[in-house]
Amino acid sequence: MASRDPAGLPPGGPPRLSTDDLALGLGVGRERVAELADAGAIEADADGWFDTGDVHRVRLLLAFETAGVPIEALLQASRAGRISLRYYDQLHPPPGPLSARSYAEFAASLGADAAHLSQLFAAFGLAEPEPDTQLTVEDERVVAMMAETVGATGQPDLALRATREGDTYFSGRVETTQKIGIGHTWETRIKLNCLVPGCWPAYWLVNREPTPDGRGPLPDGEVDVLEWYGNGIWAPGTAVHARSDGRTWKENRWPVDGDWHTYRVRWDDAGFRFWRDNVNGAPFFTVPSVPIDGVWPFNAPDYLLYTVFNLAVGGPGGGDPAFGPFQSPEMLVDYIRVW
């Protein structure tokens, strides 16, 4: 076996994985790693070390295999140039170092929260790891945090919660690092347990590329799929902002409530279409790709959007954070899918 430095990595160069490391990270045997290498799914270097990104690539292949798609069919498509096995790896950073304990030991450390682990992995479309496999240190941290959240809320939804400590208010925000271009559809299911004074929940898409007029890398162009205001003045609803100046927009104001609803938005060359619950019916709001007050950035080449969920507190939209009947107002997100 190739030598290792004190950090458990091959001497010099970028981090690499041994056959044992890759097998442990995937929850498979050494023989399975050898089979995948022989098939051309992964490739070791001259010293027998694997790319850290092979963990992501093989997880994707194994997920397709579990769903009934033969790995050889995927490899043939890759060799023919019809699909890329590298693209999935580019969406994720290389895995970090493995934990020193087994998955079974990690699960035992969570106590009662371990009961939610199978549900959590299923939510990500993954099988729960085998007891003798190992997660990365970072994966353990994230999974433990999520299991604790599920244990506290009783449900595996993303919960953005507004809290108060003395005279200080805290809010929650999650946004993607991946930017998505035209020709995509977003669908998500949301519940707003936060329709009280002081709260400002929103689900939106925003551009952060440098603007043509030289204003710099500020948000320019924004799609508010769902927005509610606790200031008691502004009407909630849906809006498309051709420029983030609070004036250049098309809007549809409707009575946002606190029930679970499914929201879908389609962005293509024709503009934006929005659905609420009846996602297979006619959209309730359409914004065509024509200039709004002379501006329409969304069909520009390489125009990209981030996805954002946030529960703000205070500000012009939230108003006075004098919370109503909720001890901790929260915005719950069941799922988001993009295709």
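Read-outs throughout are calculated quantities, based only on the coordinates presented, and are distinct from any laboratory measurement. What you see is a predicted model; the values in this text were computed from it and never measured. Note that each Cβ is placed from the backbone with ideal geometry, even for glycine, and that neighbours are counted across all protein chains shown.
Below are the figures for this structure:
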| item | result |
| --- | --- |
| ALA63-TRP260 FRET efficiency (beta carbon distance; Förster radius 35 Å; 0.05 resolution) | 0.80 |
| Inter-label distance for ASP38 and GLU72, nm, one decimal - labels placed 7 Å from Cα along Cα-to-Cβ | 1.2 nm |
| Nitroxide proxy distance, nm - points 7 Å out along Cα→Cβ at ALA235 and HIS184 | 3.1 nm |
| Gain upon complete extension [TYR335, ALA114; 0.36 nm per residue less C-alpha separation] | 77.4 nm |
| Distance (nanometres) between label positions extended 7 Å along Cα→Cβ at ARG164 and ASN252 | 3.6 nm |
| Net charge of neighbours whose Cβ lies under 10 Å from the Cβ of THR286, counting Lys and Arg as +1 and Asp and Glu as -1 | +3 |
| Amide H contacts of ALA312 (H built 1.01 Å from N, under 5 Å, at least 5 apart or other chain) | TRP200, ALA202 |
| Integer Hz, Karplus 6.51/-1.76/1.60 couplings in order for the stretch 162-170, x for Gly and Pro | 9, 9, 9, 10, x, 9, 10, 9, 10 |
| Cut-off 19 Å, label 7 Å out along Cα→Cβ of ARG101, residues of the stretch 139-154 by amide N | 139-151 |
| Ranking of HIS56, HIS241, HIS261 by count of other Cβ atoms within 10 Å, fewest first | HIS261, HIS56, HIS241 |
| Cβ charges +1 (Lys, Arg) and -1 (Asp, Glu), total dipole of the stretch 99-155, debye | 120 debye |
| Per-residue Cβ neighbour rank within 10 angstrom, fewest leading, TYR303, TYR103 | TYR303, TYR103 |
| Radius 15 Å from Cβ of ARG266, net charge of other residues (Lys, Arg +1; Asp, Glu -1) | +1 |
| Residue exposure sequence - ASP167, ASP320 - by fewest surrounding Cβ within 10 Å | ASP167, ASP320 |
| For the stretch 99-201, with +1 on Lys and Arg beta carbons and -1 on Asp and Glu, the positive-most of ALA112, THR133, GLY154 along the dipole | GLY154 |
| Stretch gain in nm, segment GLU31-ALA122, where the contour uses 0.36 nm per residue and the Cα spacing is subtracted | 30.2 nm |
